[in-house]
């Protein structure tokens, strides 16, 4: 179990470091402004490739089974996972999937950002995080390793949401503060921050 947490700390640290404004500025200085067209694509590829060893540890390490949810409840959980994947796809579409993946930046510079408050963003400020959390916690079979991975991922997502909130407040100012006051962070229909 400690290997999962250690691997997640290493992966999360690398992922967060490369997402930081300081790392992006350093890349801009070391390489060139043109390199920044490739940065998001590079960042995503590295994030996926560096997460594979974490998944390997979680799936290949023998862990005791904590529970197996019987049918029909397991079917409902799998349906929830399918809905979470659909939520991820919708959220990516609403935020411009090609830009999120880093492919749109290959052809042009990033234009000015606009705060997204419609679609799924009308219900939660971070629908991709919400869908990701729903997906990982709806596995009908829970082993000790999957539990450890889910706990580590949940902590990482919550920390990431906190830093994303700070970034969005810097970027959009009062517009984001007003949006956050009305819209829940991760769980739909729960009141947002108080003013």
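Take the alpha carbon gyration tensor of segment 78-177, find the square roots of its eigenvalues, order them as a ≥ b ≥ c, and report rounded if a/c is under 1.5; if not, report prolate when a/b exceeds b/c, else oblate. Since a/c reaches 1.5 and a/b is larger than b/c, the shape of segment 78-177 is classed as prolate. Tell me which label goes with the value of Cα extents along the principal axes in Å computed from the coordinates here: [x] 44, 38, 37; [y] 51, 39, 29; [z] 67, 30, 26. Checking each listed value against the structure points to [y].
Looking at the square roots a ≥ b ≥ c of the eigenvalues of the Cα gyration tensor of segment 1-66, which shape do they give, rounded for a/c under 1.5, prolate if a/b is larger than b/c, or oblate? Let's see the in-between values first.
On the way: a/c = 4.91, a/b = 2.79, b/c = 1.76.
Cα axes put segment 1-66 in the prolate bin.
The slack in the chain from residue 174 to residue 154, taken as 0.36 nm per residue of separation less the alpha-carbon distance, amounts to 4.4 nm. A Förster radius of 22 Å combined with the Cβ-Cβ distance from residue 95 to residue 163 puts the calculated FRET efficiency at roughly 0.80.
Extension gain for residue 83 to residue 26 (0.36 nm times residue separation, less C-alpha to C-alpha distance): 16.6 nm. Students often get this wrong: which residues of segment 146-190 have the backbone nitrogen under 12 Å from the point 7 angstrom along Cα-to-C-beta of residue 115? Of the residues in segment 146-190, 168-183 have backbone N under 12 Å from the label point off residue 115.
Relative to the longest principal Cα axis of the chain, at what angle does helix 144-172 sit, 0 to 90 degrees, rounded to 10? Relative to the chain, helix 144-172 is tipped by roughly 20 degrees. Note on residue 73 and residue 182: the extension gain reaches 35.9 nm, defined as 0.36 nm multiplied by sequence separation minus the Cα-Cα distance. Taking a ≥ b ≥ c as the square roots of the eigenvalues of the alpha-carbon gyration tensor, segment 41-83 is classed oblate because a/c is 1.5 or more while a/b is no larger than b/c.
Rule-based calculations on the coordinates, nothing more; no lab input. Just so you know, these numbers come straight off a predicted model, no measurement behind them. All Cβ positions, glycine included, derive from the backbone under ideal geometry; neighbour counts span all protein chains shown.
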